Amino acid sequence: MNKIGKAFKALWWILRKPVLLNRVLTDEDTWQSYVKKRYQLPDGLPVVEMDQLIGSGTIALGPMTFLDGGSLPTDLMLLAGLTEQIDSCSYFEIGTWRGESVATVSPRAQSCHTLCLSDEEMHRMGMHPRTIETHRLFSKDLENVSQLHGDSRNFDFGKLNRKFDLVFIDGDHHYDFVKSDTENIFRHLVHEKSIVVWHDYGFHPDQVRYEVMAAILDGIGAERTGMVYHVAHSKSAIFTGEKMHATPANFPVVPEAYYNTEISRHPFVGSVSHETKQ
């Protein structure tokens, strides 16, 4: 079948099933073309090494389940290392899920706030009861974690009336959500030295998620677009308010560093103590 024939067949299927148009509009090739044209970054954000941000020391991590939707150990290492470098760190997070990220940050921070849909909202959306039960599993009993509930697109961030040192954006990863979350964070919650980290900038450390990248760059403001980076060996992007030494994105990655790790299993008994993460 020639290209014209394929195009007509695709149009016919879209007319029969309009939902297929969403797949076309969210296709990663389309988003890659978008960031290439608008930001001249066809291969992704420039890359900074982990040791530029948190040094080269050893960091104990946990809890981690290694289940779907969680962060990589390197993502958690980044959050933990950043928190340890900020005196009396105040931390804000969009998208709590099981609570592994905030449970990693909590013993290193003075205060933590997380924003996630309430159980009632998740029920109305038709989420599986076990999925709802799993939300906030590791963070619900931590004393310095304040659990906020709501949809980040219409949550009143201004009512918090405070700024945060470290912000982690890990909610819905579709363009409209990421752009809205980014705009709200920079409008209401950051001060001049705040650090912002976006999770799932990559599908994995050497494959860019261009829809998320487009949303970050569109939401952050023109004056900041040159200060957003991909953190090597992680799925995270970062803004520190400073220009950093970075290298152009170049995939697949030929690694210039590697990580060692130790791992142990801990039965879950209903709560997570800080002692298990030191």
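Nothing in this text is a laboratory measurement; each read-out follows from the coordinates by a stated rule. Everything numeric in this text was worked out from a predicted model, so none of it was measured. With ideal geometry, Cβ positions are generated from the backbone for all residues, glycine too; neighbour counts draw on all protein chains shown.
Tally Lys/Arg at +1 and Asp/Glu at -1 over every other residue whose Cβ is under 14 Å from the Cβ of His188; what's the total? That works out to +2.
The GluC sites (Glu not before Pro) of the stretch 195-257 that DSSP puts in a loop, and whose beta carbon has at most 13 other beta carbons within 10 Å, are Glu242, Glu256.
Each residue of the stretch 187-198 was assigned a 3J(HN,Hα) from its phi angle through the Karplus expression (A = 6.51, B = -1.76, C = 1.60, θ = phi - 60°), giving 6, 10, 10, 9, 10, 5, 10, 5, 10, 10, 10, 10 Hz with x at Gly and Pro. Between His113 and Tyr91, Phe92, Glu93, Ser146, the built amide H atoms are under 5 Å apart, and every one of these is 5 or more places off in sequence or on another chain. For the stretch 105-185, take the convex hull of the Cα atoms, compute a quarter of its surface area, and give me that in nm², please. Orientation-averaged projected area of the Cα hull: 6.0 nm².
Rounded to the nearest 20, the size of the Cβ-charge dipole of the chain about its Cα centre is 1060 debye, with Lys and Arg at +1 and Asp and Glu at -1.
Calculate the translational D of the chain in whole µm² s⁻¹ from Stokes-Einstein, where the hydrodynamic radius comes from the Kirkwood formula applied to all Cα pairs, the temperature is 4 °C and the viscosity 1.567 mPa s. Write out the running numbers ahead of the final one.
Values: Rh = 19.9 Å.
Value of D from the Cα-based Kirkwood radius: 65 µm²/s.
Placing pseudo-labels 7 Å out from each Cα toward the beta carbon at Arg224 and Thr261 gives an inter-label distance of 2.9 nm. Compute the distance from the alpha-carbon center of the stretch 166-189 to that of the stretch 201-238, in whole Å. The stretch 166-189 and the stretch 201-238 have Cα centres spaced 12 Å from each other.
Longest span of the chain, sites excluded, free of trypsin sites (Lys or Arg not before Pro) in DSSP loop with at most 13 other C-beta atoms within 10 Å?
Details: sites that count: Arg153, Arg162, Lys243, Arg265.
Here the longest run is 1-152.
For the stretch 86-144, the set of GluC sites (Glu not before Pro) satisfying both a DSSP loop assignment and a count of at most 10 other C-beta atoms within 10 Å is given as Glu143.
The local environment of Asp165, defined by Cβ-Cβ distances under 15 Å, has a net charge of -1 under the rule Lys, Arg +1 and Asp, Glu -1.
Suppose only helical runs count, i.e. DSSP H with n ≥ 4. What mean residue ellipticity at 222 nm does that imply for the chain under -39500 (n - 2.57) per run, divided by all residues and rounded to the nearest 500 deg cm²/dmol? Write out the running numbers ahead of the final one.
Working: 10 runs with 93 residues, N = 278.
The helix contribution divided over the chain gives -9500 deg cm²/dmol.
Identify which of Val253, Val105, Val145 has the largest mean-square fluctuation in a Gaussian network model of the chain, with springs joining Cα atoms closer than 10 Å. Top of the fluctuation ranking is Val253.
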